[in-house]
Every structure is written in structure tokens, then in C-alpha cells.
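Participant: This structure is in C-alpha cells; I'll ask about it shortly.
The values are calculated or read from the model by the stated rules, or taken from the named source; none is laboratory data. Being a predicted model, the structure only gives us computed values, none of them experimental. All Cβ positions, glycine included, derive from the backbone under ideal geometry; neighbour counts span all protein chains shown.
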Amino acid sequence: MEIYLDNCATTKVCPEAAEAAVKAMVEDYGNPSSLHRMGLNAERILTGTRKAAAALLSCDYSCIYLTGGATDSNNIAIQGAVRARARMGKTVVTTTVEHPSVAENFTVLEKAGYTVKRVGPRADGRFYAEDFLDAVDGDTVLLSMMMVNNELGTVLPYDKVVPAVKKRFPDLAVHIDGVQGFTKLPFSPERLGVDLFSFSGHKLYGPKGAGGLYIRKGLRVLPVEYGGGQEKAVRPGTEAVPAIAGMGAALKMVRENRAAIMQNYRERNAQLRALLKEMPGVVINSPEDGCPHILNLSVPGIPSEVMLHALEEKGVYVSSGSACSKGALSGVLQAFHLPAERIRSALRVSFSKDTAAEEIDAFAAALREVTGHLGAVVKG
Ligand code: PMP
């Protein structure tokens, strides 16, 4: 039996998305920029995906730009907005717990002479809106924060931060990396005053290689790449129509089944929490009020990678997240003030819409067995 519990890394493509992607490859294979009928058919697919995303964001579909994924969207949003504001200020604000596709952009901006302020969680592992308000000032040109942390599931207080920041500094651009929160939390960029919002198709049952960026109407974003002017020159290059077709079908499926999908995340999360609480030596790192598709846990004393591979032997796939990339402790989990021993042994379990109760029981049984065995080996 194979039990895939690494849905934060990527999801299995749903049948609707696979079908749409194949159709785009073998039937509607024209270039969306071509002026003939085949081009128009491909262009229609792009429009369909824009509309599917816009329906989930309650915005106009002309605000949705199609990209190669959230890494692409984050780069375009951050660099594009900062470049467009080059003369307006030299300070940018972000958090200490961003995904590398955001964090690395800020490292580059810092090297280019920008003052980067990074807001972190307090000792209780929570973010406070006041800390963001303290960080922004009249020199700030961009605030970029994630919606949901991809390692712990912690929900950031963007709903309080954005309106408050925008009230004081209307010209400041606000970007949200929405990858782990999109469709999982109610969200409308227009209602909140968000200028830029990134999302990814492959985290939501679509194929890899497609994502999107919401750009508020009228917001100036300078291109970071130059080419044939596709996506209003914001993301030039022939669009990945098959992946985009798949993303559109997947987003439609998610929209139609949203309540049931969320219910499954919540049920599996509660089930696993209850099972883990009965297991000595296991601690839960995710907050109780986190996004329910993620549950991060530790078995102190057993390193993440040892545990991950022992579970893999039993057909169970989880993630150490970036818990111990290249042997270093995860900077993100450190930023959340987790003790070193828990970081060293952190495992991220993430559920899909189809994760079954039996799979969670089987995971818990495998974890219990592996923990007993490895625990004995570690102690011995
Ligand atoms: N941001 C967050 C919060 C993520 O979890 C991920 C994916 N791990 C990304 C950005 C990057 O997304 P993509 O794989 O579509 O480039």
C-alpha cells in the first residue's frame, strides 16, 4: 500500500485536470497568440482558466496573469513592483518565515541596497498585526507576506495587516504568497486591498508548470523578463496551455467541491491529532488553529530524514519540509521558536482531498512501529 501524505509539496492531478491537459495537447494545440482559429481555441482555454481563478478570488478575470507557477509569480510580483517604485522608497518589508521563492528575492534586494525589514513570530509562535504596522513607514514600497506557512500551516494575520497598512500608506504595494491558503481560506484581494496575489496549480490538483498572479487593475509592475508580450508583457513567452488548461479544470473542481474538501482536511487533521496525542514521545508542532491540510510533528531523538526513510520503507510518504535542508536546521522553524531537537526531528504530514481515514490509521500505525524500533536503536 502507498500512502501519500506530502500534498503540500504537490498533489495528484485530478481526472478533470488530466483530461483537460490532454485535450489541450492533442486537439487544441494552437499557439494562443496565433490569429487563426486554432490560436483562438487555445486563447479560449487561457480565458477559461483566468475565469476559474477569478471566480475563486471574486475579481475580474482580466486581473489574472498566467505564469509557470508560484515561484514565477512571486518573482514577478516582488521584483516587478519594486522596480516600478524605484523612486518612491528604499525599504521593503517581509517575514522571517517565507518560502525561498519570496525570501531569496529579498536577499537580492538587500544586496541591491534596499533596507529589508523582516517581521517574525513572537515567542508564542504567532504573528501580530501590530508588528507589521511598526515595520512599515513612508519609505516602504512593498510588503510581502505569506497567507499560510508551508511548514507548519500557521495562518498569518493578513486580514488585519493589509487593511491597516493600506489605510496608512495607500501607495505601498502589498503582495501575498497565497500558495498554501488559496481556496482553503475565504479571500478576496479586492475586498482586502491586496495588490498582488500568487498561487500555484500543482498544489491544488492541477499539473506542474502553471500558476497565476493577481495584479490589481492599475498597479504598475515592470517586467522581469522580456519577450513577445504575452500576458500583457508581465510574463512573456508562449503560455503552457496544457498545464494551464489543467489548472483551470482543477480550480473549477475545487470550487465546486470546496466544502467537502475542507471537511476532509479537518477530519483527517482531527483524527491524526487524536492518534498522536496517545503516542508517547510525539509532539505536535502545528498550531491548533492552523490551516487543516498541514500537520507538523516531531519525535525528538529521531532525525527527520531517518524517520522519513523508515516510513518510506512502509510505503508512507511524508516530508521533512525544509526541516533539515543540507544538514542545517530549518531557518523557518527556528523563526517559529521551536526547540532545536524538535526541528531536527520535524515531519510534515499534509492531506489531500482524497486522504482516507484508513490511510491516517495506517500512517499512525507505521509511525508507532518505526518510532518504537528507531527509538530503541537510538537509545541502544
Ligand atoms: N510559496 C509557498 C508558500 C510554497 O509552499 C511553494 C511550493 N512549495 C511555493 C511558493 C512555490 O510554488 P511553485 O512550486 O508553484 O513554484
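Yes/no matrix, rows are residues, columns are (1) within 16 Å of the ligand (Cβ to nearest atom); (2) over 28 Å from Glu225 (Cβ atoms):
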{"residue": "Ile64", "(1), (2)": "yes, no"}
{"residue": "Thr67", "(1), (2)": "yes, no"}
{"residue": "Ala77", "(1), (2)": "yes, no"}
{"residue": "Thr91", "(1), (2)": "no, no"}
{"residue": "Ser101", "(1), (2)": "yes, no"}
{"residue": "Thr107", "(1), (2)": "yes, no"}
{"residue": "Ala129", "(1), (2)": "no, yes"}
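Participant: Next question. Would you call Pro287 of a type outside the set (Lys, Arg) and within 22 Å of Gly120 (Cα to Cα)?
Facilitator: Working: of a type outside the set (Lys, Arg): yes; within 22 Å of Gly120 (Cα to Cα): yes.
Against the criterion (of a type outside the set (Lys, Arg) and within 22 Å of Gly120 (Cα to Cα)), Pro287 qualifies.
Participant: OK, next. Can you name the residue in segment 173-186 that is surrounded by fewer than 24 Cβ atoms within 10 Å (Cβ to Cβ) and either over 14 Å from the mean Cα position of the chain (by Cα) or basic (Lys, Arg) (or both) and is also nearest to Ile294 (Cα to Cα) among such residues?
Facilitator: So the residue we want is Lys184.
Participant: Going residue by residue through segment 109-116, is there one that turns out to be in the same structural domain as Met247 (by TED's automatic domain parsing), in contact (Cβ under 8 Å) with a residue 60 or more places away in the chain and more than 27 Å from His337 (Cβ to Cβ)? Talk me through it step by step, then tell me what you get.
Facilitator: Step one: list which residues in segment 109-116 are in the same structural domain as Met247 (by TED's automatic domain parsing), which gives 109-116.
When the remaining residues are screened for being in contact (Cβ under 8 Å) with a residue 60 or more places away in the chain, the result is none.
The answer is no, given that none of the residues of segment 109-116 is in the same structural domain as Met247 (by TED's automatic domain parsing), in contact (Cβ under 8 Å) with a residue 60 or more places away in the chain and more than 27 Å from His337 (Cβ to Cβ).
Participant: Considering only residues of segment 88-138 that are assigned to a loop (DSSP other than H, G, I, E, B) and hydroxyl-bearing (Ser, Thr, Tyr), which is surrounded by the most Cβ atoms within 10 Å (Cβ to Cβ)?
Facilitator: Quick first cut of segment 88-138, residues assigned to a loop (DSSP other than H, G, I, E, B) only: 88-90, 96-99, 112-114, 120-128, 136-138.
Next, only the ones that are hydroxyl-bearing (Ser, Thr, Tyr) stay: 96, 114, 128.
Details: Thr96: 15, Tyr114: 17, Tyr128: 15.
Only one residue tops the list, namely Tyr114.
Participant: Still on this structure, I have one more. Listed residues Thr71, Thr10, Thr47; which is in a helix (DSSP H, G or I), surrounded by fewer than 23 Cβ atoms within 10 Å (Cβ to Cβ) and within 16 Å of the ligand (Cβ to nearest atom)? Steps first, answer last, please.
Facilitator: Values: Thr10 fails: in a helix (DSSP H, G or I); Thr47 fails: within 16 Å of the ligand (Cβ to nearest atom).
Result: Thr71 is the single residue among Thr71, Thr10, Thr47 that is in a helix (DSSP H, G or I), surrounded by fewer than 23 Cβ atoms within 10 Å (Cβ to Cβ) and within 16 Å of the ligand (Cβ to nearest atom).
Participant: Among the residues of segment 170-192, how many are part of a loop (DSSP other than H, G, I, E, B) and among the basic types (Lys, Arg)? Can you show your working first?
Facilitator: Taking segment 170-192 first, the residues part of a loop (DSSP other than H, G, I, E, B) are 170-172, 178-188.
Still in the running and among the basic types (Lys, Arg): 184.
Total meeting the criteria: 1.
Participant: Here's a follow-up. How many residues does segment 50-62 hold that are under 17 Å from the mean Cα position of the chain (by Cα) and more than 16 Å from the ligand (Cβ to nearest atom)?
Facilitator: Residues flagged as under 17 Å from the mean Cα position of the chain (by Cα) and more than 16 Å from the ligand (Cβ to nearest atom) within segment 50-62 amount to 2.
Participant: Here are Gly228, Gly237, Gly246: which of them is buried (at least 22 other Cβ atoms within 10 Å of the Cβ) and assigned by TED's automatic domain parsing to the domain that holds His202? I'd like the intermediate steps shown before the answer.
Facilitator: Details: Gly228 fails: buried (at least 22 other Cβ atoms within 10 Å of the Cβ); Gly237 fails: buried (at least 22 other Cβ atoms within 10 Å of the Cβ).
Unique residue meeting the criteria: Gly246.
Participant: Against the condition surrounded by 24 or more Cβ atoms within 10 Å (Cβ to Cβ) and closer than 22 Å to Val161 by Cβ, how does Val221 come out, does it pass?
Facilitator: yes
Participant: Looking at segment 139-154, which of its residues are part of a strand (DSSP E or B), hydroxyl-bearing (Ser, Thr, Tyr) and out of contact with any His (no Cβ under 7 Å at 6 or more places or on another chain)?
Facilitator: In the first step, residues of segment 139-154 are kept if they are part of a strand (DSSP E or B); the result is 140-146, 148.
Retained after the next criterion (residues that are hydroxyl-bearing (Ser, Thr, Tyr)): 140, 144.
Matches in segment 139-154: Thr140 only.
Participant: Mind listing whichever residues of segment 154-183 are within 12 Å of the ligand (Cβ to nearest atom) and of a type in the set (D, E, K, R)?
Facilitator: Asp177 - this is the single residue of segment 154-183 that is within 12 Å of the ligand (Cβ to nearest atom) and of a type in the set (D, E, K, R).
Participant: Would you say Gly212 is modelled with pLDDT of 95 or more and within 16 Å of the ligand (Cβ to nearest atom)?
Facilitator: Considered against the rule, which asks whether it is modelled with pLDDT of 95 or more and within 16 Å of the ligand (Cβ to nearest atom), Gly212 comes out as yes.
Participant: Which members of segment 193-203 meet the condition of being more than 10 Å from the ligand (Cβ to nearest atom) and either small (Gly, Ala, Ser) or assigned to a loop (DSSP other than H, G, I, E, B) (or both)?
Facilitator: If the condition is that a residue be more than 10 Å from the ligand (Cβ to nearest atom) and either small (Gly, Ala, Ser) or assigned to a loop (DSSP other than H, G, I, E, B) (or both), then Gly193, Val194, Asp195 are the ones that fit.
Participant: Separate question: Identify all residues within segment 13-44 that are outside any helix (DSSP H, G or I) and of a type outside the set (A, V, I, L, M, F, W, C); write none if there are none. Full working, then the answer.
Facilitator: Taking segment 13-44 as the starting set, the residues that turn out to be outside any helix (DSSP H, G or I) are 13-14, 27-36.
Across segment 13-44, the qualifying residues are Glu27, Asp28, Tyr29, Gly30, Asn31, Pro32, Ser33, Ser34, His36.
Participant: Given Val148, Val141, which one is within 15 Å of the ligand (Cβ to nearest atom) and buried (at least 22 other Cβ atoms within 10 Å of the Cβ)? Steps first, answer last, please.
Facilitator: Details: Val141 fails: within 15 Å of the ligand (Cβ to nearest atom).
Just one listed residue meets the conditions, Val148.
Participant: Scanning segment 98-139 for residues that are polar (S, T, N, Q) and more than 18 Å from the chain's Cα centre (by Cα), which turns out farthest from Glu151 (Cα to Cα)?
Facilitator: Ranking the candidates gives Thr115 first.
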